[in-house]
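Let me begin by presenting the structure, written as structure tokens, before commenting on it.
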Amino acid sequence: MNNKVFIKLAIATIILAIIDIIIFSPGIIALTFSTNAVLFCLAIIANIAALTGEYVYITRSTTAKYGYDLDKLKDANDYKQALESKLIKKSPFYEEVKEAISQLTSMTRKKQVLTEILEQNNQEHFTALTDLGEQSTSFLYNNIRKILNRISIFDSDINSSLENEHKLYIKKLLDSNENMLIEFNKLLTEVSQMDDTSSDDTLSKVLNDMTNSLKTLRGESDSL
């Protein structure tokens with residue numbers, strides 16, 4: 001179990017124990033069946049419900065198992081934390097996770113550069129280029145989700161013979177990310193060279209090239 005999740009569950013258990021001591025201990029509230037049967041039964045039911053909830057969380061929650069929930073990952077920080085939870089030196093995917101983190105950092109930086117360039121030049125196609133930046137980021141996030149999912153289902157004790165297959169799958173996703181970053185870098189270069197005298201046709205070509213590249217890469221990624 002992830003250490004942070006374990007700590008949270010331990011704190012919740014301690015709090016529950018303290019509440020029970022206050023409710024049931026003689027000299028404090030001293031709740032018993034004979035003093036108030038209804039409240040006593042409700043307190044017992046609440047305890048059982050709380051313990052059951054913790055058990056279900058531990059056994060079924062992906063957050064408890066992996067330290068993150070794929071369905072709740074939203075921004076670069078979420079994905080970075082999820083990847084870092086898999087950055088274990090003994091893991092067969094240690095280098096791959098390091099590369100994914102590097103790609104994520106690079107994409108975040110490039111997207112920020114694009115935003116700064118657009119703000120400086122006030123291009124008419126600001127919205128289109130911003131959308132393209134969001135699409136590129138979503139593409140990277142989607143591939144990272146696939147990587148995290150593949151690492152999570154891998155069990156070295158059970159399917160160690162499939163390790164190379166898993167590594168190959170992840171490598172293809174990392175290569176796809178790298179190709180996207182290369183294309184995005186080309187976009188940044190073209191946009192940074194534009195000024196108020198640049199024609200709409202020039203910018204449209206840049207947009208089309210990047211859009212087509214993303215479509216191609218997305219198709220390759222979806223086929224994995």
If I147 passes every condition in (1) closer than 21 Å to Q112 by Cα; (2) at pLDDT 80 or above; (3) surrounded by 18 or more Cβ atoms within 10 Å (Cβ to Cβ); (4) β-branched (V, I, T) but one, which one does it miss? (1)
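For (1) aliphatic (A, V, I, L, M); (2) at pLDDT below 80; (3) loosely packed, with under 12 Cβ neighbours inside 10 Å, each residue gets a yes or a no:
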| site | (1), (2), (3) |
| --- | --- |
| I170 | yes, no, no |
| L173 | yes, no, no |
| E183 | no, no, no |
| L187 | yes, no, no |
| D195 | no, yes, yes |
| T202 | no, yes, no |
| D209 | no, no, no |
| L214 | yes, no, no |
Of the conditions (1) closer than 30 Å to K111 by Cβ; (2) surrounded by 15 or more Cβ atoms within 10 Å (Cβ to Cβ); (3) modelled with pLDDT under 80, A76 clears all except one; give me its number. (3)
Hey, can you tell me all the residues within the stretch 212-221 that are under 12 Å from M180 (Cβ atoms) and either free of Cβ contacts under 8 Å to residues at least 40 places away in the same chain or of a type outside the set (D, E) (or both)? S213, L214, K215, T216, L217, R218, S221
Output the qualifying pairs, or none if there are none: Cβ atoms under 9 angstrom, residues six or more apart or on different chains, first residue in the stretch 27-44 and outside any loop (DSSP other than H, G, I, E, B), second residue polar (S, T, N, Q). F40/T32; F40/S34
Would you say L140 is assigned to a helix (DSSP H, G or I), hydrophobic (A, V, I, L, M, F, W, C), at pLDDT below 90 and within 23 Å of M210 (Cα to Cα)? no
Scan the stretch 107-129 and tell me whether some residue there is assigned to a helix (DSSP H, G or I), under 30 Å from N164 (Cβ atoms) and assigned by TED's automatic domain parsing to the domain that holds L168. yes
Test result for A50, small (G, A, S), modelled with pLDDT under 80 and assigned to a helix (DSSP H, G or I): no
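The values are calculated or read from the model by the stated rules, or taken from the named source; none is laboratory data. These figures come from a predicted structure and were not determined experimentally. Methodologically, a virtual Cβ is constructed for each residue, glycine included, from the backbone with ideal geometry; neighbour enumeration extends over all protein chains shown.
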